[in-house]
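The values are calculated or read from the model by the stated rules, or taken from the named source; none is laboratory data. Note that the structure is predicted; figures quoted are calculated from it, not measured. Cβ: placed from backbone, ideal geometry, glycine included. Neighbour counts: every protein chain shown.
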Amino acid sequence: MTRRPVALVIGAENAISLTVVRELGEHGVEVHGVARDPKGIATASRHCTAVIARPDGPASTWLPDLIARTGARAVFAISEGDLIDLATLPQRVGDCHLLVPRPDRLERVIDKARTLAMAEQAGLRVPQTWQPQPGEDFPARTVAMQYPLIAKWANPPDIMPVLEQAGLEWLKTEYVHTPRELMALLDRYAPIDRWPLIQQYCRGVGLGQMLYMQHGQATLRFQHRRLHEWPPEGGVSTLCRAEPAGDHAAQMALSEKLLRALDWEGQAMVEYRHDPETGDYWLMEVNGRYWGSLPLAWHCGAHFAWEAYRRTVLGQTEPAPAPRDDLRARYMVPETKRLARVLMTPGRIDDPFFRRRPITDLLAYVAGFFDPRARYYVFTPVDPRPWLRDLAQMVRKVVRRGS
């Protein structure tokens, strides 16, 4: 009997990696999950053939041996940190393909300021952005900015250890409403002489355009709209819906143009704020790793991990099937947290344009269980064990807190 081809998924612990495991397994690939936590939800999938405890140290010290022992033909990584680590290795180790971006390309998309500059050159609309530098006239710059603003670090993996050493908390985003608030934020980070990117807040809904790029051309496209996020003012997508392929066509062409300018290969999501009233699309960032809403793409038949595997490892060139565009997906644990925040403490939501509709949100939450278009990030009837494990872990957490 011929053995199925093997793929390693590094970071097999969350809903994103669970989707990659399911996707590859459904296409006949034997998946070995490499995880720090062997009890993560991804390793519970029926498509995860083997669970490997992740060794300590950089991948260069243990991955080549693991590839030799398993006969893996491909390696996938989920987190940005793992992408950075694996990017330092050769693109191939023997017959195994490391399906991660090369270091120069990865650096371009991680550096948000650089991405925005290249996007502006490519003709995309970008928000007013300021990267504070030592010696600048901060009071003058704070007056010149268009409020409200969002502060976010341009290169999170680079700044996190610096903040930790200085005893400062890493915050993914902060909302800034006045020049005084901005000066307070700048003063907070003055001891390390490093500051987050300061960006104009853009009204609208989150729109993600996902593309798989090969040799400068998109071979797979999918797009979705963010309906809910956790935290509510911006974060992980907890409820999203597919957008028809014919919508936002001009913007999809610009997304492909930007990825071509970045010389990008592989999967990426170009994230926008889209204002339906004005028709404006404001670029937020390019996400070069597998993204949080990947389960929706999988449910719709847009299989990005399989696209990488079949084109790179198998050399297939035929077009991918057109995905569905009539489904929506819910990430139930953070979606429930979001509802609790909206109902119980709406004053904590620090988004100047957040619509507070607690009763409407409660009714929609309940109605979602009866929506035939609804799918779930973790639960699926044909592979229920990840959901059961997730549920058991939640119950244990509640019991520990109550004891």
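Observations, loosely collected:
- Just one residue in the set Leu259, Leu283 is over 26 Å from Glu23 (Cα atoms) and among the hydrophobic types (A, V, I, L, M, F, W, C); that residue is Leu283.
- When the range 309-324 is filtered for residues that are surrounded by 10 or more Cβ atoms within 10 Å (Cβ to Cβ) and part of a loop (DSSP other than H, G, I, E, B), the ones remaining, listed by number, are Val313, Leu314, Gln316, Ala320, Pro321, Ala322, Pro323, Arg324.
- Selection from the range 111-134 of residues that are within 11 Å of Trp282 (Cβ to Cβ), in contact with a helix residue (DSSP H, G or I) (Cβ under 6 Å, 6 or more places away or on another chain) and in a helix (DSSP H, G or I): Ala119
- Some residue of the range 384-393 being part of a loop (DSSP other than H, G, I, E, B), modelled with pLDDT of 95 or more and not assigned by TED's automatic domain parsing to the domain that holds Lys39: yes
- Filtered by the rule that a residue be assigned to a strand (DSSP E or B) and modelled with pLDDT of 95 or more, the range 179-213 gives Leu207, Gly208, Gln209, Met210, Leu211, Tyr212, Met213.
- Subset of the range 142-151 that is surrounded by fewer than 16 Cβ atoms within 10 Å (Cβ to Cβ) and of a type outside the set (Phe, Trp, Tyr) - its residue that is nearest to the chain's Cα centre (by Cα): Gln146
- Among the residues of the range 249-267, those that are closer than 22 Å to Asp326 by Cα and out of contact with any strand residue (DSSP E or B) (no Cβ under 6 Å at 6 or more places or on another chain) comprise Ala249, Ala250, Ala253.
- A search for C-beta distances below 8 Å between a residue of the range 244-263 that is at negative phi and any residue that is of a type in the set (Val, Ile, Thr) and surrounded by 12 or more Cβ atoms within 10 Å (Cβ to Cβ), counting only pairs 6+ apart in sequence or on different chains, returns Ser255/Val270; Leu258/Val270; Leu258/Val286; Leu259/Val270; Leu259/Val286; Leu262/Val109; Leu262/Thr115; Leu262/Val286.
- Residues located in the range 135-146, provided they are touching a residue at least 40 places away in the same chain (Cβ under 8 Å) and in contact with a helix residue (DSSP H, G or I) (Cβ under 9 Å, 6 or more places away or on another chain): Phe138, Pro139, Thr142, Met145
- Restricting the range 314-339 to residues that are at pLDDT 95 or above and in contact with a Pro (Cβ under 7 Å, 6 or more places away or on another chain), the residue that is farthest from Ala154 (Cα to Cα): Asp325
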